[in-house]
Amino acid sequence: MIRKNTDSKIFQELINISLTMFRKNFFDIFHGAISIKIDDSKFIINTKDAVLNSPALSNYMMLAHKRDYSWQEASVDAFIHSFIYKEISEAKCIAYTFPSFTMAYSLNNEKLAPKDYFGYKKFKEVKIYNPGDYDSWYERADVEICNFLRQNKINFIIVRGYGLYIYERELSQLAKTISMIENSAKMLVLSDADKLAKTQNYSFSNIVDSSDFDV
């Protein structure tokens, strides 16, 4: 049951942040999850069929940590969110996103080391987590994600080819941190692409020497 003066306000805040993050391409159609902790026993999360660019209240539901039939309607990532909330007290809201540049960078790198000022000041360097066998990932994801967050004393994890998991104390900060990570990754991807283009042009100019065409 939604308490009009409290839960309804939280639902609306969650909807607004979801819309913002979708417009920033942090979520895709039917891809991603966002939640907020209500108390030690329950949280709000999007449903499994939610389209996160929609303001519909029906895209979100209250979920208890103790699993019951209602879990069938929740996001497939609900069990990961639930585990993080139970294991990390600082987590007040959580998002699973798939920011394009962050994911592209994760495929060919072992760590994300920002070269821009804001990214460097925020986290300097973070390991990119290799999930290994994709077929068994969801069987291990909740424990491995939590272990990584604790061991590295950080509030987010970039999982190669899978996505970005992050927790914060406030929804607005959640979106800001994801944006900062994505901007840092974007700069690195574009910088690497520019270097590659220059290298290829240089190599081509060396191969095609005008003297080769002298008669």
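Measure up 48/124; 9/111; 24/124; 66/186 against 32 Å on the Cα-Cα distance and list the ones that go over.
Those over the limit are 48/124; 9/111; 66/186.
If the chain between residue 68 and residue 88 were fully stretched, how many nm would it gain, using 0.36 nm times the residue separation less the Cα-Cα distance?
4.9 nm
For region 7-192, with only Lys/Arg (+1) and Asp/Glu (-1) charged at the beta-carbon, what is the dipole magnitude about the Cα centre, in debye rounded to 20?
The dipole magnitude comes to about 620 debye.
Treat each spin label as a single point 7 Å out from the Cα along the C-beta direction, and report the residue 169 to residue 187 distance in nm.
Spacing of the two 7 Å Cα→Cβ label points: 2.6 nm.
Could you give the length gained by full extension between residue 143 and residue 56, i.e. 0.36 nm per residue of separation minus their alpha carbon distance, to one decimal place? The partial results should precede the final answer.
Details: separation 87, 0.36 × 87 = 31.32 nm, distance 3.19 nm.
That pair, residue 143 and residue 56, stretches by 28.1 nm at full extension.
Could you tell me which of rounded, prolate or oblate describes region 7-192, using a ≥ b ≥ c as the square roots of the eigenvalues of the alpha-carbon gyration tensor, with rounded for a/c under 1.5 and, failing that, prolate when a/b is larger than b/c and oblate otherwise?
Cα axes put region 7-192 in the prolate bin.
Output the 0 to 90 degree angle, nearest 10, between the alpha-carbon long axis of helix 171-207 and the longest principal axis computed from the alpha carbons of the chain.
Helix 171-207 sits at roughly 20 degrees to that axis.
When a/c reaches 1.5 or more, the comparison of a/b and b/c decides; with that in mind, is region 75-171 rounded, prolate or oblate per its Cα gyration tensor?
Oblate.
Once the Cα atoms of helix 78-87 and of the chain are each reduced to a long axis, what angle between those two axes, in degrees from 0 to 90 to the nearest 10, is obtained?
Orientation of helix 78-87: about 80 degrees from the principal axis.
Where does each of 170, 13, 125 land when they are ranked from fewest to most other beta-carbon atoms within 10 angstrom?
Neighbour counts put them in this order, fewest first: 125, 170, 13.
In the chain, what percentage of the DSSP-assigned beta bridges are antiparallel, given to the nearest 5?
Among the beta bridges of the chain, antiparallel pairing accounts for roughly 95 percent.
Considering amide H positions built from the backbone, and no H for Pro or chain starts, which residues 5 or more places from residue 93, or on another chain, come under 5 Å of its amide H?
It is 37, 168, by chain and number.
Once a ≥ b ≥ c are taken as the square roots of the eigenvalues of the Cα gyration tensor of region 44-116, is the result rounded (a/c under 1.5), prolate (a/b larger than b/c) or oblate (a/b not larger than b/c)? Before the final figure, lay out the partial values.
Working: a/c = 2.50, a/b = 1.66, b/c = 1.51.
Prolate, because a/c is 1.5 or more and a/b exceeds b/c.
How do the peptides 66-79, 129-142, 14-27 rank, highest first, by the average count of neighbouring beta carbon atoms within 10 Å per residue?
So the peptides 66-79, 129-142, 14-27, ranked by packing, come out 14-27, 66-79, 129-142.
What is the distance, in nm, between label points placed 7 Å from the Cα along the Cα-to-Cβ direction at residue 108 and at residue 29?
Going from the residue 108 label point to the residue 29 one covers 2.9 nm.
Since every read-out is calculated from the coordinates, none of them should be taken as a lab result. No experiment lies behind these values; they were computed from the predicted model shown. When we count neighbours, we look across all protein chains shown, and the Cβ atoms used for this are built from the backbone with ideal geometry, even at glycine.
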